[in-house]
Each structure stands twice: as C-alpha cells, then as structure tokens.
Amino acid sequence: MAEIHLPHSHNDTTHRLLENMPDAEVFEKSSDTFALISDPTRLKILWLLCHTEECVANIAAAINMSSPAVSHHLRVLKQAGLLSYRRQGKEAYYTLADTDEAKLVHHIVDVLFNLNCENCY
C-alpha cells in the first residue's frame, strides 16, 4: 500500500493505524455483509438461525412469511457464506455457518437483541 501523507499530524495513532489498513477488497466484502444483514427479514432469519437449526417451513411460520420468500433469503445468505445447511430426506435444515463473517454476524445479533448464547432458549 502506498504511504499516505496526512495534511496534519495530530498524533502517531492515525499513522500507525493507516500502516495496517486493509485493502479495498476487505472493505467491499465487509460492506456486502452489512448490506445483507440490513434487511429486516434476513435479520429475523439470522436472529433465529444464530441460535438453532431449522427447516424452511418452520422458519417461514416463525417469521410469518411464505416458504418461497424465505427460501430466497436463505439462498442469498447461504451464497454469502453466512449459512450452512444439511438435507434430511426432503427437508433442508439451515443454521449459521462456521465462518468468520458468520461469527461476526452472530455477535452483532446477540448485542443488538441483548442475547447471551449461554442462556439461549
């Protein structure tokens, strides 16, 4: 990364921080993750799936939405690497993925909704 010359030098903290600034791709990926969770429906789905594994029909019933609409949101979240799923017969069961981004989302959900996973239902 090219050295950044700030017009004013107020402290060394900013300079040290800028030496370790992630590249644009990292900021883009992070922005994409925040965009995904900014949708209220996806946030409801993530709120549920951060703490349990569930099938599409039950997720749809829990958030009062049609199964096809929920399937669309699940597909988007799965493609982004936030969800994983397994098949059992004709049912697909979804849960939060074991990725760094998913762990961050889990933490955000817990903080936003004042949850403590040790005391999850």
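The values are calculated or read from the model by the stated rules, or taken from the named source; none is laboratory data. Remember, predicted model here, so these are calculated numbers, not experimental data. As a convention, Cβ positions derive from the backbone with ideal geometry for all residues, glycine included, and neighbour counts pool all protein chains shown. Remember, those area values only see protein heavy atoms, side chains included, never the ligands or the DNA or RNA. Shrake-Rupley method; radii C 1.70, N 1.55, O 1.52, S 1.80 Å.
List every residue pair whose Cβ atoms sit under 9 Å apart, with the two residues 6 or more apart in sequence or on different chains, where the first one lies in the range 98-117 and is closer than 15 Å to THR52 by Cβ and the second, anywhere, is aromatic (Phe, Trp, Tyr).
VAL109/TRP47; PHE113/TRP47; LEU115/TRP47
Restricting the first residue to the range 63-80 and requiring it to be within 23 Å of ASP98 (Cβ to Cβ) and of a type in the set (Gly, Ala, Ser), which pairs with a second residue that is in a helix (DSSP H, G or I) and open to solvent by less than 40 Å² (accessible area, probe 1.4 Å) meet a Cβ separation below 6 Å and a spacing of at least six or different chains?
Cβ pairs passing all conditions: SER71/VAL56; ALA80/LEU36.
Answer yes or no: is there a residue in the range 34-43 that is open to solvent by less than 60 Å² (accessible area, probe 1.4 Å), outside any loop (DSSP other than H, G, I, E, B) and of a type in the set (Phe, Trp, Tyr).
For the range 34-43, residues open to solvent by less than 60 Å² (accessible area, probe 1.4 Å), outside any loop (DSSP other than H, G, I, E, B) and of a type in the set (Phe, Trp, Tyr): absent.
Restricting to the range 36-71, what's the tally of residues that are farther than 15 Å from TYR93 by Cβ and over 16 Å from the mean Cα position of the chain (by Cα)?
6
Restricting attention to the range 9-33, report how many residues are surrounded by 13 or more Cβ atoms within 10 Å (Cβ to Cβ) and under 25 Å from the mean Cα position of the chain (by Cα).
Going through the range 9-33 one residue at a time, the tally reaches 3.
Test GLU54 against the criterion of being under 16 Å from LEU96 (Cα atoms) and either open to solvent by 60 Å² or more (accessible area, probe 1.4 Å) or not basic (Lys, Arg) (or both), and give yes or no.
yes
Okay, residues lined up against (1) at pLDDT 95 or above; (2) out of contact with any strand residue (DSSP E or B) (no Cβ under 7 Å at 6 or more places or on another chain); (3) among the polar types (S, T, N, Q):
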| residue | (1), (2), (3) |
| --- | --- |
| MET1 | no, yes, no |
| HIS5 | no, yes, no |
| ASP12 | no, yes, no |
| LEU18 | no, yes, no |
| VAL26 | no, yes, no |
| LYS29 | no, yes, no |
| GLU53 | yes, no, no |
| SER67 | yes, yes, yes |
| HIS72 | yes, yes, no |
